[in-house]
Structure formats: C-alpha cells, structure tokens
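Enquirer: Take a look at this one; I'll ask things after.
The values are calculated or read from the model by the stated rules, or taken from the named source; none is laboratory data. Keep in mind that what you see is a predicted model, and the values were worked out from it rather than measured. Reconstructed Cβ throughout: ideal geometry from the backbone, glycine too, with neighbour counts over all protein chains shown. Heads up: the accessible areas ignore ligands, DNA and RNA and are worked out on the full protein's heavy atoms, side chains in. Shrake-Rupley method; radii C 1.70, N 1.55, O 1.52, S 1.80 Å.
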Amino acid sequence: KEEGTGLGLSTVFGIVKQSNGHVWVDSEVGKGSTFLVYLPRTEEQAALKQPQRRGAAPAGGSETVLVVEDEEGVRELVRELLQEAGYTVLAAGRGDEAIEVGRSRGSEIDLLITDMIMPEMSGRRVADELRSGRPGMRVLYMSGYTGDAMVHRGLLDPNASFIVKPFASRDLMTMVREILDAGRA
C-alpha cells in the first residue's frame, strides 16, 4: 500500500482487471519498482457513476455508524469524516470484529458501512449477521468494484445502497444522510 493514499495494491489491481486492463511490474532490488497500468481504449465518453452534488455541505447527524473496512487508511478516513459531522463512529477491520462490536453495542447501531470484499467474511455476510437483531439498521456497501459487478457476482442485491471506492467525501456524507433519513420515512 502506498503511504497516504489509502488504496492497497489489491484494490488497484481489482479495478484494473474489472476494466479489462493489465498491470505490468518491473522491480529491481535497490532500484525500486515501476508499475504500468494498461487500460483499453474507448471512443465513448465516460459516464459518471455517482452524481456530482453541488451546494451546501451535507448535513451531519448524531446517529451511531459502524464502519467495517480491512484497509486501515480507508477505514480511518471514513471514521474521521463521520466523526467531524457529529456521528458516533464504531470501527472494525474484520467481519468477526464487527460482529463482536455489534453484540456489545446492542441495537444502537443505526447504519453499517461495510466493504464488500474482505478476507474471511464478506460485507454482505457481516450485514446479514448484524441485521438479525437489528431489523431497522441501514446498510451502505462500498467496494473498488462497481455495483453492477457485485450484482452480477451475486454478492449484492440490486436495490442495496452502494458507493464505489474511491469516492468523494461529499458523496459519502450525502449518501449517509440520505440512507439514515430514508429509514425514518
């Protein structure tokens, strides 16, 4: 993982492979490494997967959010963003750790934000385990893969809330508020 980026090599490799691209690596002891990323050329204009939101900053809140992410940089970034907006944030680096946090906190978790692909336990399994005692808990899935790829693999319900990594902090905060507000309707 490159220091300060929050993106691990596995995330970058996954995004490149999902795009039908290739990664070429040249590494020499004492001289360093070179990574070349090859992506297919397209004549189409790229479509934005997430709308660009303008205007006032998204509203914060006081709800409790559990963030589950195996990449520490991403987990800490999401935690900081949410805490600065007033949310109570619990964090876990693994699925089993998240379930333990959930057991210790009872029904006070309003929103689970979880990575889809993690070692040992998928984000969907974490959500299913935690929802068993919290039918009102909302879930926001995140992944370096697109939502379409997750649905195609059977890992994500087509109606689930989902955000593609990397994401803009404004987009994350807007989605969090929208998901929590929809739970009250």
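Enquirer: Roughly what would the spin-label model give for Arg103 and Asp171, points 7 Å off Cα along C-beta, in nm?
Expert: 3.6 nm
Enquirer: Can I ask one more? Going by amide H atoms built from the backbone, whose H comes under 5 Å of the H on Leu156, apart from near neighbours?
Expert: The list, which skips near neighbours in sequence, is Val151.
Enquirer: Continuing with the same structure: Note down the nm distance, to one decimal, between modelled labels 7 Å out along Cα→Cβ at Asp181 and at Thr88.
Expert: Rounded to a tenth, the inter-label distance reads 2.3 nm.
Enquirer: May I pose another question? Can you list the residues, at least 5 places off or on another chain, whose amide H is less than 5 Å from the amide H of Met118, using H built in the peptide plane?
Expert: Gly123
Enquirer: For Val139, enumerate residues with amide H under 5 Å from its amide H, sequence gap 5+ or separate chain, H modeled in the peptide plane.
Expert: Residues meeting the criterion, in which the H sits 1.01 Å from N, are Leu112.
Enquirer: Determine ³J(HN,Hα), in whole Hz, for all residues of the range 34-40 in sequence, where each value follows from phi through the Karplus function 6.51 cos²θ - 1.76 cosθ + 1.60 and θ = phi - 60°; x replaces Gly and Pro.
Expert: Karplus values, whole Hz, x for Gly and Pro: 10, 10, 10, 10, 10, 10, x.
Enquirer: Provide the FRET efficiency to the nearest 0.05 for the Arg41-Ser132 pair, computing r from the beta carbons and using R0 = 45 Å. Mind dumping the intermediate values first?
Expert: Values: r = 47 Å, r/R0 = 1.05.
Step by step, r from the Cβ atoms, then E = 0.45.
Enquirer: Report in % the part of the accessible area of the range 63-176 that belongs to carbon and sulfur, leaving out ligands and nucleic acids; probe 1.4 Å. Walk me through the numbers on the way to the answer.
Expert: Values: 2250 of 5080 Å².
Carbon-and-sulfur percentage of accessible area, whole number: 44.
Enquirer: Further, regarding this structure: Spelling out what I want: for every residue of the range 67-78, take phi, set θ = phi - 60°, compute 6.51 cos²θ - 1.76 cosθ + 1.60 (Karplus), and round to whole Hz; glycine and proline get x.
Expert: 9, 10, 8, 7, 8, 4, x, 5, 4, 5, 4, 4
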